[in-house]
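A.B. asks: Once you've had a glance at the structure underneath, I'll fire off some questions.
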Amino acid sequence: MGRVVLVTGLSRDIALRCARLLADQGDALGIDKVVGVDVTPPREDLGGVKFVRADIRTPVIAKVIAVEDVDTVVHLDLGPAHGRGAAKELNVIGTMQLLAACQRVSHVTTFVLGSSTAVYGTSARSPALFTESSVARGGTGSGFPKDVCEVEGYVRGFARRRPDVRIVTLRSAQVLDAGAPLASYFANPVLPTVAGYDPRLQFLHVHDALEVLRRAVVDEGVQGTFNVAGDGVVMLSQAVRRLGRPTVPFPPVGFGTAARTMLRAMGSDITPDLHRLLMHGRVVDTTALRTILGYAPAYTSAEAFSMFAAGLQPGLLSGRGAS
């Protein structure tokens with residue numbers, strides 16, 4: 001009998017793509033069934049994925065895991081949400097309920113967590129390169145980075161209680177898809193920046209994100225924590241030149257308030273953790289991804305950003321030396 005995979009957060013683009021990929025390649029991967037759960041049905045075609053309307057914040061998720069005979073859980077329902085309370089409840093409380101459900105079911109043997117490099121935070125004291133063993137030196141006291149730190153803590157606790165479960169944690173750089181904070185920021189016609197700062201950024205192409213998830217699910221010899229990002233970095237100044245977007249530099253002190261006021265006037269917004277990222281940046285080491293998981297990203301950070309930029313409306317400064 002083949003495996004049964006549960007994917008959470010199916011209304012999120014990356015989760016739906018992951019579920020469809022596993023379902024489409026099910027015969028080759030030894031997967032009999034892929035079940036996707038969320039409170040909101042996806043708007044796109046499900047393919048061979050079975051959708052179950054379920055809220056991971058409630059005990060009903062335990063019934064889904066038991067009834068469907070799930071042995072592999074891919075938790076991708078993490079991210080910013082509308083309203084801080086809603087995000088905290090979904091990210092942290094939802095993960096706690098999901099792990100509690102997995103702990104009670106003996107046939108769960110694999111748990112894959114779609115985490116984020118936000119777990120490292122960002123501050124003036126951050127190292128030039130974060131490895132999987134690095135500790136955050138600031139910027140994780142609130143918002144999404146705090147949620148990610150708490151979620152990973154609960155997963156480590158689950159690992160101690162269920163040492164028989166193979167756990168893979170993927171700390172991914174941002175995929176610039178719909179809803180990603182940096183994607184929303186770059187889509188604005190004018191971009192607020194921090195005067196005197198030019199942060200280094202990393203991105204992940206969706207092709208690489210999906211391939212890493214696929215390998216984490218099917219390679220039963222792999223477990224542990226992995227940074228996932230495209231090679232190289234993109235300086236913020238390079239990104240805005242490529243987009244052809246004019247910038248408005250603000251002083252570091254009060255940047256968050258000024259940037260939020262400016263972006264809200266354009267119908268957008270910015271989160272506190274993005275304030276810090278646009279000042280200090282963040283770069284992670286991906287050696288473990290290559291040597292242990294055995295995967296080298298097909299797209300560099302610069303290539304992933306260029307493909308994202310090609311889908312946006314040209315900026316006001318496009319054609320004036322943009323590169």
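The values are calculated or read from the model by the stated rules, or taken from the named source; none is laboratory data. Values in this document were obtained by computation on a predicted structure and should not be read as measured data. Here the Cβ positions follow ideal geometry from the backbone for every residue, glycine too, while neighbour counts run over all protein chains shown. Surface areas here come from the heavy atoms of the whole protein model, side chains and all, with no ligands, DNA or RNA. Shrake-Rupley method; radii C 1.70, N 1.55, O 1.52, S 1.80 Å.
A.B. asks: Report, by residue number, each residue of segment 93-109 that is surrounded by fewer than 20 Cβ atoms within 10 Å (Cβ to Cβ) and in contact (Cβ under 8 Å) with a residue 60 or more places away in the chain.
C.D. replies: none
A.B. asks: Residues to consider are Ser318, Ser301, Ser306; find the one that is hydroxyl-bearing (Ser, Thr, Tyr) and open to solvent by less than 20 Å² (accessible area, probe 1.4 Å).
C.D. replies: Ser301
A.B. asks: Here is a follow-up. What do you reckon, is Val165 within 20 Å of Val217 (Cβ to Cβ), touching a Cys at 6+ places or on another chain (Cβ under 9 Å) and either at pLDDT 95 or above or open to solvent by less than 50 Å² (accessible area, probe 1.4 Å) (or both)?
C.D. replies: yes
A.B. asks: Taking only segment 175-197 into account, find how many residues are in contact (Cβ under 8 Å) with a residue 60 or more places away in the chain, in a strand (DSSP E or B) and among the aliphatic types (A, V, I, L, M).
C.D. replies: Going through segment 175-197 one residue at a time, the tally reaches 1.
A.B. asks: From the residues in segment 232-279 that are closer than 30 Å to Arg290 by Cα and open to solvent by 60 Å² or more (accessible area, probe 1.4 Å), which one is nearest to the chain's Cα centre (by Cα)?
C.D. replies: Arg276
A.B. asks: Which ones in segment 198-224 are touching a residue at least 40 places away in the same chain (Cβ under 8 Å), under 20 Å from Thr110 (Cβ atoms) and surrounded by fewer than 20 Cβ atoms within 10 Å (Cβ to Cβ)?
C.D. replies: Leu210, Glu211, Arg214, Arg215, Val218, Asp219, Glu220, Val222, Gln223, Gly224 - these are the residues of segment 198-224 that are touching a residue at least 40 places away in the same chain (Cβ under 8 Å), under 20 Å from Thr110 (Cβ atoms) and surrounded by fewer than 20 Cβ atoms within 10 Å (Cβ to Cβ).
A.B. asks: Of all residues in segment 42-62 being more than 20 Å from the chain's Cα centre (by Cα) and open to solvent by less than 40 Å² (accessible area, probe 1.4 Å), which is nearest to Arg104 (Cα to Cα)?
C.D. replies: Filtering first and then ranking leaves Ala62.
A.B. asks: How many residues does segment 133-153 contain that are outside any helix (DSSP H, G or I) and within 22 Å of Ile167 (Cα to Cα)?
C.D. replies: Qualifying residue count, segment 133-153: 4.
A.B. asks: So Phe158 fits all but one of (1) within 27 Å of Gly2 (Cβ to Cβ); (2) open to solvent by 20 Å² or more (accessible area, probe 1.4 Å); (3) aromatic (Phe, Trp, Tyr); what number is the exception?
C.D. replies: Evaluating Phe158 over (1) within 27 Å of Gly2 (Cβ to Cβ); (2) open to solvent by 20 Å² or more (accessible area, probe 1.4 Å); (3) aromatic (Phe, Trp, Tyr) leaves (2) as the failure.
A.B. asks: Determine, yes or no, whether Leu90 is modelled with pLDDT of 95 or more and closer than 25 Å to Gly143 by Cα.
C.D. replies: Against the criterion (modelled with pLDDT of 95 or more and closer than 25 Å to Gly143 by Cα), Leu90 does not qualify.
A.B. asks: Now a separate question. Leu191 passes all but one of (1) under 19 Å from Ala288 (Cβ atoms); (2) modelled with pLDDT of 95 or more; (3) in contact with a Ser or Thr (Cβ under 8 Å, 6 or more places away or on another chain); which number fails?
C.D. replies: (1)
A.B. asks: Moving on. Of Arg215, Arg171, Arg156, which residue is in a strand (DSSP E or B), among the charged types (D, E, K, R) and over 30 Å from Gly267 (Cβ atoms)?
C.D. replies: Arg171
A.B. asks: Within segment 116-148, how many residues are farther than 24 Å from Asp198 by Cβ and either out of contact with any helix residue (DSSP H, G or I) (no Cβ under 7 Å at 6 or more places or on another chain) or open to solvent by 40 Å² or more (accessible area, probe 1.4 Å) (or both)?
C.D. replies: Here the count works out to 6.
A.B. asks: What residue, among those in segment 27-41 that are open to solvent by 60 Å² or more (accessible area, probe 1.4 Å) and assigned to a strand (DSSP E or B), is nearest to Gln174 (Cα to Cα)?
C.D. replies: Lys33
A.B. asks: So, one more: For segment 1-15, give me each residue that is open to solvent by less than 10 Å² (accessible area, probe 1.4 Å), within 15 Å of the chain's Cα centre (by Cα) and aliphatic (A, V, I, L, M).
C.D. replies: Val7, Leu10, Ala15
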